[in-house]
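FYI, it's all coordinate maths here, none of it is from the lab. Bear in mind that the values here come from a model prediction, so they are computed numbers and not experimental data. Positions of Cβ are generated from backbone atoms using ideal geometry, with glycine treated the same way; all protein chains shown enter the neighbour counts.
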Amino acid sequence: MIDAVVLLSVVLVLSLTAYALLGGADYGGGLWDLLASGPTAVRQRATIAHAIGPVWEANHVWLIVAIVIVFTGFPRAFAEVSTYLHVPLLLVLIGIVLRGSAFVFRAYGPDDPRHERLWSRVFAMASTATPFFLGVIVGALTEGRLPASPQGSFTSVYLTPWLTPFSLSVGLFALVLFGYLAAVYLTLEAHDAHERAAFRLRALLSGAAAGVVAALVLLLAASDVRGALIASAWAVPLHVATGASALAAFAFLWVERYELARLAAATQVVLILWGWALAQYPYAIRPHLTLTDAAAPVNVQVLLLQILGVGAVVLVPSLLYLFGIFGPRGNQDPNENPSISH
Amino acid sequence: MGDLNLLYARWQMGLSLAFHIVFAVIGMAMPVMMVAAEVAWLRTGRPEYIDLAQRWARGTAILFAVGAVSGTVLSFELGLLWPAFMEAAGPLIGMPFSLEGFAFFLEAIFLGIYLYGWQKLSPAAHVFAGVVVSLGGALSGAFVVTANAWMNTPAGFRIENGQFVDIDPFAAMFNPAAGTQVVHMLLAAYAAVGVGVAGIHARLLLRDRQSPFHRRAFVIALLVGLPASLLQPLSGDWAGRVVARSQPAKFAALEGHFETESYAPLRIGGIPDTETGQTPYAIEIPGGLSLLAHGDLAAPVTGLNDIPRELWPPVTAVHIAFQVMVAIGMWLAFLAIWAAVLWWRKRLFESSAFLKAVFWSTPLGFIAIEAGWTVTELGRQPWIIQGVMRTSEAVTPMPGLVVPFVLFTLLYVGLAAVVIMLIRRTVLETAPTGRAQ
């Protein structure tokens, strides 16, 4: 029988995967809003807003699912993480608030270009900062410098454990990776060839940048983390698969087979995330708190798994329905296309 | 320093809850009105109804988003500010939170479908999406409130050597206060939002009595707000009995009741003085409190003097907040009866006095909700888990909590200002005022 802790950890990583693939791409969209340039800049922003509009709130809920799993299933980890990573979590929260609010303020605000520009800016900057700090938090959990007790100066307990080159590089990696993912997705959302070419270029550039930053992350990793990432039994096949999907995504982007590129890029992100999760296992927080030590009593874990299972039965069809209605290319603005109206 | 840090943590939590709850209740009740308007449009084909449905949907979109992000903040803040509480309580209240997660997920999914699917779905599918949003809102509110109720009447565990053991999440979720608090909160949400929206349209009806747009909006809003207002005093009575039984200190504080006595009087108004142990300036109804608390005029009601001083909540603030809540609740119930009489006589739109009364009641439901939460939360102090863990034991060891408190204050004040400006400009100011439809 599989251990409930393992199963619950798998479900946690699954919900983080969904958040990365969906919510992560929404953040990436904000990054490209910030960096929109060239003759199609205005249309790029419109396409991004249009793609995110109906789905971002639902995508965002994956983070809430993950956090609920952590505090119900791994309460000690939740308590420690929110104590010692208070500062970056605070920055993430401010980013989440500003990102979401600015998006609806822009979408539902008056037709005033100044209003639009202001909230567009806030949306884009918050979308850029938030995944960076999310990445920093993941980095800090991995690097193993979080203290075991709050004894010491403010700086040594609450700042230096995450203000490290490694954690910052993981933050950068998350940002670049989400940008890459978004650019690949957006090639399918673009309205014309010029715009598509712009997103394709962005996808290729950010994909290359992700490779460079990944190398940097590995270089800055402590030896035991690097060891887990490189030398474990699962490491080689996983790296080969990740590399293969990255190359495939590049090739498909190059030959403009965007649906396949999207599949390959998403696979690549999933493999990276699961690679991290395998390297992190069995720790919740390296090096002193294992998942088992952090876990709630077994009956609570089992109950949580049951609720998540039942919830998924309701949730998955609803999500498929949502994405079925607003999937890429099916999402012409109703006002532009009255023929499909009732 | 430590005490001050605790104070900032409490202020930040209070601020976040006070901010979130406004958007949360709107997210629960607005979708009901928006779906009602759409159904009315499908039935009658009157253009005012579809205009209303779309306007209310726009308002819902803005307010729901702010509610969603401020709710996310809260779920993290529980850990950021009260890590020891979450470490102990997470397994116990995690079940309602995960159920809430799913309800909220459905709400978010179907709100996206509703808002962006006007032209893509069949009318029935579109209405269905709105119904799911409404149900999801009510359910997620209900689940979260059971978690709060657990803090008031903790259940489903034993303490052994300082550890929580024999965790039973079902017993925790269905704790003694869960039923009353859920009913009280749901009714409060519909009452506050229904009357609030009706008040906005009452003002416009006072200018133009014939506007079909405002008439229909007014009626739908009242239909959501007033039945809940009428039922609320009953649910409040029920809640009061549970508090009297399970949280005597809170009950004594909210009533300004110092001496344990039989035939205890019900005090209306008054300002409790914790130095003298009196509540002067109150109207006293002999035996009223005994009757309300225990259903028996002779039943003794525990007074604050029989509770150790260090376990008193802030008595004056709790008592005043309670009086404000009850007064507003009674007034809204009276509005419901008044509306029913006018409706019966077919004079709902003719009575200027009624329209003015509804207009002046616009913010009252929200004030009552804030006051009610003040009673619940402040009334439980010094406990974070009644009788089990003190708020001071739960607070994060991180110093300098003044900084996040100031940051969130600025953030929320700014957001509130923008939201008010946007709702005025995009939902209210463009509303039709003339009779031309």
If we keep just the residues of the range A:79-93 that are at the interface with another protein chain (Cβ under 7 Å from one of its Cβ atoms) and in contact (Cβ under 8 Å) with a residue 24 or more places away in the chain, which is farthest from the chain's Cα centre (by Cα)? A:THR83
Across (1) surrounded by fewer than 24 Cβ atoms within 10 Å (Cβ to Cβ); (2) facing chain A (nearest Cβ under 7 Å); (3) without any contact (Cβ under 8 Å) to a residue 40 or more places away in the chain, B:ILE50 clears everything bar (2)
If I ask for residues that are over 15 Å from A:ARG202 (Cα atoms) and surrounded by fewer than 15 Cβ atoms within 10 Å (Cβ to Cβ), which ones from the range A:244-254 would you list? A:ALA244, A:LEU247
Taking helices (runs of 4 or more DSSP H) that do not extend beyond the range B:335-405, which have at least 2 residues that are hydroxyl-bearing (Ser, Thr, Tyr)? B:364-378, B:391-394
Close pairs from the range B:159-170: first away from chain A (no Cβ under 13 Å), partner surrounded by fewer than 18 Cβ atoms within 10 Å (Cβ to Cβ) and β-branched (Val, Ile, Thr), Cβ under 9 Å, at least 6 apart: B:ILE159/B:VAL165; B:ILE159/B:VAL388
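Scan the range A:198-219 residue by residue and report those that are touching an Asp or Glu at 6+ places or on another chain (Cβ under 9 Å) and among the hydrophobic types (A, V, I, L, M, F, W, C). Walk me through how you get there before you give the answer.
At the first step, the residues of the range A:198-219 found to be touching an Asp or Glu at 6+ places or on another chain (Cβ under 9 Å) are A:199-200.
Across the range A:198-219, the qualifying residue is only A:PHE199.
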Within the range A:232-326, which helices (runs of 4 or more DSSP H) (wholly inside it) include 2 or more residues that are more than 14 Å from chain B (Cβ to nearest Cβ)? A:235-254, A:258-280, A:291-294
I'd like to check something: does the range B:57-67 contain any residue that is in contact with a His (Cβ under 7 Å, 6 or more places away or on another chain) and assigned to a helix (DSSP H, G or I)? yes
Would you check if there is a residue in the range B:351-361 being closer than 29 Å to B:PHE322 by Cα, surrounded by fewer than 20 Cβ atoms within 10 Å (Cβ to Cβ) and in contact with a Lys or Arg (Cβ under 8 Å, 6 or more places away or on another chain)? yes
Scanning the range B:1-47 for residues that are of a type in the set (Phe, Trp, Tyr) and within 25 Å of B:GLY136 (Cα to Cα) gives B:PHE19, B:PHE23, B:TRP41
